1. Residue by residue through region 27-52, note down the ones that are in a strand (DSSP E or B) and within 14 Å of ligand 1 (Cβ to nearest atom).
2. Can you work out which of the residues in region 76-89 that are buried (at least 17 other Cβ atoms within 10 Å of the Cβ) and either within 16 Å of ligand 1 (Cβ to nearest atom) or among the charged types (D, E, K, R) (or both) is farthest from the chain's Cα centre (by Cα)?
3. Given the criterion surrounded by 14 or more Cβ atoms within 10 Å (Cβ to Cβ) and touching a Leu at 6+ places or on another chain (Cβ under 7 Å), identify the matching residue among Leu73, Leu102, Leu57.
4. Might you let me know whether region 224-240 holds any residue that is without any contact (Cβ under 8 Å) to a residue 60 or more places away in the chain, more than 15 Å from the chain's Cα centre (by Cα) and within 26 Å of Gly84 (Cβ to Cβ)?
5. Any chance you could count how many residues in region 251-304 are out of contact with any helix residue (DSSP H, G or I) (no Cβ under 8 Å at 6 or more places or on another chain) and in a strand (DSSP E or B)?
6. Considering region 112-145 alone, what residues qualify as being within 27 Å of the chain's Cα centre (by Cα) and of a type in the set (D, E, K, R)?
7. What is the one condition in (1) surrounded by 21 or more Cβ atoms within 10 Å (Cβ to Cβ); (2) in contact with a Gly (Cβ under 9 Å, 6 or more places away or on another chain); (3) among the hydrophobic types (A, V, I, L, M, F, W, C); (4) assigned to a helix (DSSP H, G or I) that Leu227 does not satisfy?
8. Using the structure shown, decide if Ala65 is among the small types (Gly, Ala, Ser), outside any helix (DSSP H, G or I), buried (at least 20 other Cβ atoms within 10 Å of the Cβ) and in contact (Cβ under 8 Å) with a residue 60 or more places away in the chain.
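Please treat every number below as a calculation from the coordinates, not as lab data. The structure presented is a predicted model; accordingly, all values stated were derived computationally and were not measured. Here the Cβ positions follow ideal geometry from the backbone for every residue, glycine too, while neighbour counts run over all protein chains shown.
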Amino acid sequence: MSTRAPAVEARQLIKTYPGDVTALGGMDVTVEPGTVFGLLGPNGAGKSTTVKILTTLARPDSGIATVAGHDVLRHPDRVRRAIGVVAQSSGADPVATGRENLQLQGRLYGLKGAGLHRRVDELLDRFTLADAAKRQVKGYSGGMLRRLDVALGLVHRPEVLFLDEPTTGLDPEARTAMWDEIARLAGDEGLTILLTTHYLEEADRLAERIAIVDRGRVVVEGTPDDLKGELRGDAVHVELRDAVGEAGRTLLSGALTRLPGVHEALFDGRRISVRADDGAAAVPALLGALERAGVGVVAATVARPSLDDVYLRYAGRRYSEAEAEGADSLVLTGGAR
Ligand SMILES: Nc1ncnc2c1ncn2[C@@H]1O[C@H](COP(=O)(O)OP(=O)(O)O)[C@@H](O)[C@H]1O
Ligand SMILES: [Mg+2]
């Protein structure tokens, strides 16, 4: 691990919105320079709020944050010069062309003349937008627009690039293309990237470290290998006739995890999710143990561990539930962000 100062450091960020919405409840993030860091979480988890605070677009109620060594509250101007931001929704001007958008952005950062021209050409090339450079942005496909957004964030050669949900809304082909672009950027010398996503696969592919965020806090952090390693084996889901009480859970969990090749049993209502080296092999033993304990079983299924399993384990509820809640709260607060 590097001994240089972190490129991004946030400690205990708290942010509430009117109506008693706790967007961040003590958010901690540390990103080492020159690495790609992924904030992974369902809708409403607080990812965009974190990005807004780190990019000086919002103020935390409390907590501290530095980006590229500058305090976001005391020196927002210095932070802004050091960073590039690709917001969740595009910031490009739809009636200007791709080239005009890049030129304008460059001028805002003090580039001009031949230097500006060269930089714009370089970015148009790099993001395969050269052929579309003279077209109005409103005619771009989703993938082209997203590539332009990233190019806009890079015009002034920032040290730290923030990508808020870079592939949400893209079709699978455009998403894969964007993954390749981001992976290439990550190879650029010195560039630090903080990206947010609600796709496990995306974080897995692009990020050297991932923080899983739920309800405004980090619930677990590590390399993708660490996180996946925890979930090695199969998931066996057992549907029970009746929910099991707290005391019964402790007993059952002990009995189940004593079975050979069984590592963990998590309870969720009438369902038990068990992690086993070989799911199919574990089912008979699991059913036997449940029968001896007098617990009625309705069904048992074997599956590879999914994002749901990661979430259930670290956040105590299913990812799909969390996504549904997040979607509700977005509707209630009436905003796309
Ligand atoms: N401007 C705002 N006003 C009120 N509530 C907000 C605002 N921005 C975000 N929120 C709420 O804060 C929580 C976190 O939102 P956000 O950071 O956008 O999550 P994410 O980007 O992970 O989907 C959500 O409950 C959201 O509804
Ligand atoms: Mg968001």
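1. Looking only at region 27-52, we keep the residues that are in a strand (DSSP E or B), and these are 27-31, 36-40.
Answer for region 27-52, where residues must be in a strand (DSSP E or B) and within 14 Å of ligand 1 (Cβ to nearest atom): Met27, Val29, Gly38, Leu39, Leu40.
2. If we take residues in region 76-89 being buried (at least 17 other Cβ atoms within 10 Å of the Cβ) and either within 16 Å of ligand 1 (Cβ to nearest atom) or among the charged types (D, E, K, R) (or both), then Arg80 is farthest from the chain's Cα centre (by Cα).
3. Numbers: Leu73 fails: touching a Leu at 6+ places or on another chain (Cβ under 7 Å); Leu57 fails: touching a Leu at 6+ places or on another chain (Cβ under 7 Å).
Of Leu73, Leu102, Leu57, the one residue that is surrounded by 14 or more Cβ atoms within 10 Å (Cβ to Cβ) and touching a Leu at 6+ places or on another chain (Cβ under 7 Å) is Leu102.
4. No; the residues of region 224-240 include none that is without any contact (Cβ under 8 Å) to a residue 60 or more places away in the chain, more than 15 Å from the chain's Cα centre (by Cα) and within 26 Å of Gly84 (Cβ to Cβ).
5. Of the residues in that region, 4 qualify.
6. Arg126
7. The failed condition is (2).
8. no
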